[in-house]
Amino acid sequence: GDRNKTYGSPTQNFSDTAVLWNTYLRTKLGPGKQIDPGDVAVLIILLKVARMVASPKRDNWVDIAGYAGCGFEADLDSGKIDE
C-alpha cells in the first residue's frame, strides 16, 4: 500500500539496502560474497528479535511477520526458492 508508494516494492527496497549493507559488510563477507534481498529480511527480523529481548511489544511481532512475508517474496522473485 502506502509503503510501496513511498519506498517501492519490498524486493526493490531490500535490494537497495543490500547494496548499502554489502559496502558495510565487505570485510566480514570476504571477496566476491554478497547478501541478497532475502538476507536483508532475515537480518531485519533478527534486529526485531533483539528488540523483543529488550522490550517485548506487539509491534515487533507484527513487523517480524511482515518482514517474513517480504523476505519470502524477495526469495521468490530472485528464484532462490519455489512456492
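Net charge of the neighbourhood of Glu83, taken over other residues with C-beta under 13 Å away and scored Lys/Arg +1, Asp/Glu -1, is -3. When only the Cβ of Lys, Arg, Asp and Glu is charged (+1, +1, -1, -1), the dipole of segment 9-78 relative to its Cα centre reaches about 400 debye.
Per residue, the solvent-accessible area of the chain (1.4 Å probe, heavy atoms of protein chains only, all protein chains present) comes to 73 Å².
Take the Cα gyration tensor of the chain, multiply each eigenvalue by 5, square-root it, and list the three semi-axes largest first, rounded to whole angstrom. Display every interim value, and only then the final one.
On the way: eigenvalues 92, 62, 31 Å².
For the chain, the ellipsoid semi-axes come out as 21, 18, 12 Å.
Take every pair of alpha-carbon atoms less than 8 Å apart whose residues are at least six positions apart; their mean separation over the length of segment 1-67 yields a relative contact order of 26 percent. Taken one residue at a time, the phi angles of segment 65-71 give Karplus couplings (6.51, -1.76, 1.60, θ = phi - 60°) of 4, x, 5, 4, x, 5, x Hz. Gly and Pro are set to x.
Peptides 16-26, 50-60, ordered by how many other C-beta atoms sit within 10 Å of their residues on average, highest first, read 16-26, 50-60.
Using a 1.4 Å probe over the heavy atoms of the protein chains, calculate the carbon and sulfur portion of the accessible area of segment 14-83 as a whole percent.
Working: 2920 of 4920 Å².
Roughly 59 percent of what the probe reaches on segment 14-83 is carbon or sulfur.
For the listed residue pairs Lys5/Lys33; Lys28/Lys48; Lys57/Lys80; Lys28/Lys80; Lys5/Lys48, the alpha carbons are over 29 angstrom apart in Lys5/Lys33; Lys57/Lys80. Once the Cα-Cα distance is subtracted from the 0.36 nm per residue extended length, the Ile81 to Leu20 segment shows a gain of 19.6 nm.
The values are calculated or read from the model by the stated rules, or taken from the named source; none is laboratory data. Keep in mind the model is a prediction, meaning the values are calculated, not measured. Heads up, the Cβs are rebuilt from the backbone with ideal geometry, glycines too, and the neighbour counts pull from every protein chain shown. When the accessible area is computed, the model is the full protein with side chains, heavy atoms only, and any ligands, DNA or RNA have been set aside. Shrake-Rupley method; radii C 1.70, N 1.55, O 1.52, S 1.80 Å.
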